[in-house]
Amino acid sequence: HGGIFWPRIKIANPDKTEFGNTDLITVPPSGHIMGAIARQASKPGGVYQAPAGVELGLLTGALALETDEVLDELKRDLIYVPALINPIVSKSNVKPFIDGVFTLKTTGQFPTMGERLGAIFIEQSIKEDMEFARHKNNTPALRAEVNRRITEFLLGQMRLNAFASTVPDDAFFVDTSDALNLPSVQKALQLKVRVGLAFASPAEFIILEFVQDTRALDAELAA
């Protein structure tokens, strides 16, 4: 659930009596990053998209960076993928923005911000909705109703581009089967549900390949 961002940012001095007679002060980026996350998550389906990049990752109120070292691609590459430290950069006519999507989890499930935030949102939403089933008799009808409600919720999220596919069978699955809910499980007063989510991975590296266009010459030679 954690992430590291570098460098610190400079903002307008809100109180020169408190922070000294200077126009800008240097602060940790944490609050501004949380603002970017909240801004993105407030959009329909936005929680599934990492708050990063020149459009979605702008740090409102950030005016400059503590150091320009992060603008050196060779130095940035040393700390980004190997160390999972997300750079904060700025470009001409663009205010500082988040230029990375990693959490501190390099392997396993949901390693990027968009995937992790989406998984948290879905998990908490389903947990809250499943309150209706507590204390009811654990019957095939109840398990079918649980499956139906979760599936309907996930279909709604799919329509908000939550997943890598818009084909339900490829986007997610919901399992409330008898194989999962064995008699011993039911006797333990449990109803088990297994939910699989296929989130899209971010396009983190844009690989451009340029070649000479020889189509007209090829067509002439072929004729």
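The values are calculated or read from the model by the stated rules, or taken from the named source; none is laboratory data. These numbers come from a predicted model, not from an experiment. All Cβ positions, glycine included, derive from the backbone under ideal geometry; neighbour counts span all protein chains shown. Quick note on the areas: whole protein, heavy atoms, side chains included, nothing else; ligands and nucleic acids left out. Shrake-Rupley method; radii C 1.70, N 1.55, O 1.52, S 1.80 Å.
Every condition in (1) closer than 18 Å to Asp99 by Cα; (2) under 17 Å from the mean Cα position of the chain (by Cα) is met by Gly45 except one, and the failing one is (1).
Just one of Phe199, Phe205, Phe173 is of a type outside the set (Asp, Glu) and more than 19 Å from Ala119 (Cβ to Cβ); which is it? Working first, answer last.
Working: Phe199 fails: more than 19 Å from Ala119 (Cβ to Cβ); Phe173 fails: more than 19 Å from Ala119 (Cβ to Cβ).
Within the list Phe199, Phe205, Phe173, the selection yields Phe205.
Residues in segment 159-207 that are closer than 14 Å to Tyr48 by Cα, in a helix (DSSP H, G or I) and open to solvent by 50 Å² or more (accessible area, probe 1.4 Å): Arg159 alone.
To keep it simple, each residue is scored yes or no on (1) touching a residue at least 40 places away in the same chain (Cβ under 8 Å); (2) part of a helix (DSSP H, G or I); (3) among the basic types (Lys, Arg); (4) closer than 30 Å to Phe173 by Cβ.
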{"position": "Leu74", "(1), (2), (3), (4)": "no, yes, no, no"}
{"position": "Leu78", "(1), (2), (3), (4)": "no, yes, no, no"}
{"position": "Ser90", "(1), (2), (3), (4)": "no, no, no, no"}
{"position": "Gly100", "(1), (2), (3), (4)": "yes, no, no, no"}
{"position": "Gln109", "(1), (2), (3), (4)": "no, no, no, yes"}
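Summed over segment 54-82, the residues that are open to solvent by 20 Å² or more (accessible area, probe 1.4 Å), closer than 28 Å to Ala119 by Cα and in contact with a strand residue (DSSP E or B) (Cβ under 7 Å, 6 or more places away or on another chain) give a count of 3.
Looking only at segment 41-72, count how many residues are in a loop (DSSP other than H, G, I, E, B), small (Gly, Ala, Ser) and touching a residue at least 12 places away in the same chain (Cβ under 8 Å). Number satisfying all stated conditions: 6. Of all residues in segment 113-140, exactly one satisfies the criterion of being outside any loop (DSSP other than H, G, I, E, B) and more than 19 Å from Val195 (Cα to Cα), namely Met113. Somewhere in segment 142-151, is a residue within 27 Å of the chain's Cα centre (by Cα), acidic (Asp, Glu) and surrounded by 12 or more Cβ atoms within 10 Å (Cβ to Cβ)? Checked against the condition, which is being within 27 Å of the chain's Cα centre (by Cα), acidic (Asp, Glu) and surrounded by 12 or more Cβ atoms within 10 Å (Cβ to Cβ), segment 142-151 yields no hits at all.
Of the residues Arg143, Arg149, the single one that is free of Cβ contacts under 8 Å to residues at least 24 places away in the same chain, not polar (S, T, N, Q) and not in a loop (DSSP other than H, G, I, E, B) is Arg149.
Please indicate, with yes or no, whether at least one residue in segment 83-105 is more than 17 Å from the chain's Cα centre (by Cα), surrounded by 18 or more Cβ atoms within 10 Å (Cβ to Cβ) and polar (S, T, N, Q). Taking every residue of segment 83-105 in turn, at least one turns out to be more than 17 Å from the chain's Cα centre (by Cα), surrounded by 18 or more Cβ atoms within 10 Å (Cβ to Cβ) and polar (S, T, N, Q).
Among the residues of segment 26-40, those identified as within 16 Å of Ile120 (Cα to Cα) and open to solvent by 50 Å² or more (accessible area, probe 1.4 Å) are Met34, Ala38.
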